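As structure tokens, the structure follows; a few thoughts come after it.
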Amino acid sequence: MSITIQEAIKKNILILDGAMGTMLQRYNFSEEDFRGERFKDFPHPLKGNNDLLSLTQPQAIRDVHAAYYEAGADIVETNTFSGTTIGMADYFMEDLVYELNYESAKIARQVADEFTAKNPEKPRFVAGSIGPTNRTASMSPDVNDPGYRAVTFDDLRIAYKQQVEALMDGGCDLLLVETIFDTLNAKAALFAIEEVKDERNLDIPIMVSGTITDASGRTLSGQTVEAFLISVSHIPLLSVGFNCALGADLLKPYLKTLAHNTSFNVSAHPNAGLPNAFGQYDETPEQTQAFIKEYLEDNLINIIGGCCGTTPDHIRLMAEVAKDYKPRVAPVIG
């Protein structure tokens, strides 16, 4: 009988993987590599479309997942961060969205199953990565027209629904709505997930992860930690947390506020510090591990992983320190 993620999270602090983009940059893929044979005559540039690599360079995606599982990750995220019609419009590839998500989920599922088979005591899970899109439903992109919106709630809901169906068809164990800078976008994603769950009469665990964009302690659309938490708490979630934008040290106060105000499990996947002048991340695995140890000592987290700049070495050291701690016990919220 296989262990569910709901059972696993009660026993141990679960380890999420690190950055996909950071790992793919190491391959230095050219325009031709992104295109592969199938898209060699595609009329638009494709370099930078990392989600497409699930179709044109599947072995690289497989190897990145395997490297994170090897490092001790319990959960890897699918290579689908921009996998909506809205995200793919930049590359004129909207019609590929279902296939991109389905194939990405399938690759991660195969690798997860291989690792679970080798060590059934440590089941491996696949999280369908659902990014925020590059548009915001709460704010106008035009300073001269504050009432204008580049996207509607319905546009987002429809786009997310297609992504969710493909991720579930491809074999994901859970869905991760992540890097939320506009909670209205996230609510559209959550609405879409609930729709698919109802239509299929299936339950699937959901992780929600917001992004505190700067020292104001707010999301880009202006919400505080508490406001963000309230706006997503109407749905039963596996976990709520934060990722991206900040390193583990700067994220800690906001994580603390979150952990003290929710009975959901809490997740964090911070960046490897802040980027330097060249956009690179300098925080070493050892430095990250020291910050994560503080999270563990303060009983703040149930799921820990990495975002931009983190590698299997960062994840390995997180896993090493996390195994010595019990999962966070949630406060009773009145």
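The values are calculated or read from the model by the stated rules, or taken from the named source; none is laboratory data. Quick caveat: nothing in here was measured; it's all calculated off a predicted structure. When we count neighbours, we look across all protein chains shown, and the Cβ atoms used for this are built from the backbone with ideal geometry, even at glycine. The accessibility values were calculated without ligands, DNA or RNA, using every heavy atom of the protein model including side chains. Shrake-Rupley method; radii C 1.70, N 1.55, O 1.52, S 1.80 Å.
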Answer yes if at least one residue in the range 11-20 is over 25 Å from C244 (Cα atoms) and more than 21 Å from the chain's Cα centre (by Cα), and no otherwise. yes
Of the conditions (1) over 17 Å from G87 (Cβ atoms); (2) touching a helix residue (DSSP H, G or I) at 6+ places or on another chain (Cβ under 9 Å); (3) open to solvent by 10 Å² or more (accessible area, probe 1.4 Å); (4) touching a residue at least 24 places away in the same chain (Cβ under 8 Å), the single one that T213 does not satisfy is (2)
I need the full set of residues from the range 5-42 which are open to solvent by 80 Å² or more (accessible area, probe 1.4 Å) and either of a type in the set (D, E, K, R) or in contact with a strand residue (DSSP E or B) (Cβ under 9 Å, 6 or more places away or on another chain) (or both), in order please. E7, K10, K11, R26, E32, E37, R38, K40, D41
Here are V126, V143: which of them is among the aliphatic types (A, V, I, L, M), more than 21 Å from I86 (Cα to Cα) and at pLDDT below 90? V143
F115: open to solvent by 10 Å² or more (accessible area, probe 1.4 Å), aromatic (F, W, Y) and within 29 Å of R157 (Cα to Cα), yes or no? no
Just give me the residues in the range 43-81 being of a type outside the set (D, E, K, R) and open to solvent by 50 Å² or more (accessible area, probe 1.4 Å), in sequence order. P43, H44, P45, Q59, F81
Within the range 88-95, is there a residue that is in contact with a His (Cβ under 9 Å, 6 or more places away or on another chain), in contact (Cβ under 8 Å) with a residue 24 or more places away in the chain, more than 24 Å from P236 (Cα to Cα) and open to solvent by less than 70 Å² (accessible area, probe 1.4 Å)? yes
Single residue of G222, G279, G273, G217 found to be within 18 Å of the chain's Cα centre (by Cα), at pLDDT below 95 and not basic (K, R): G273
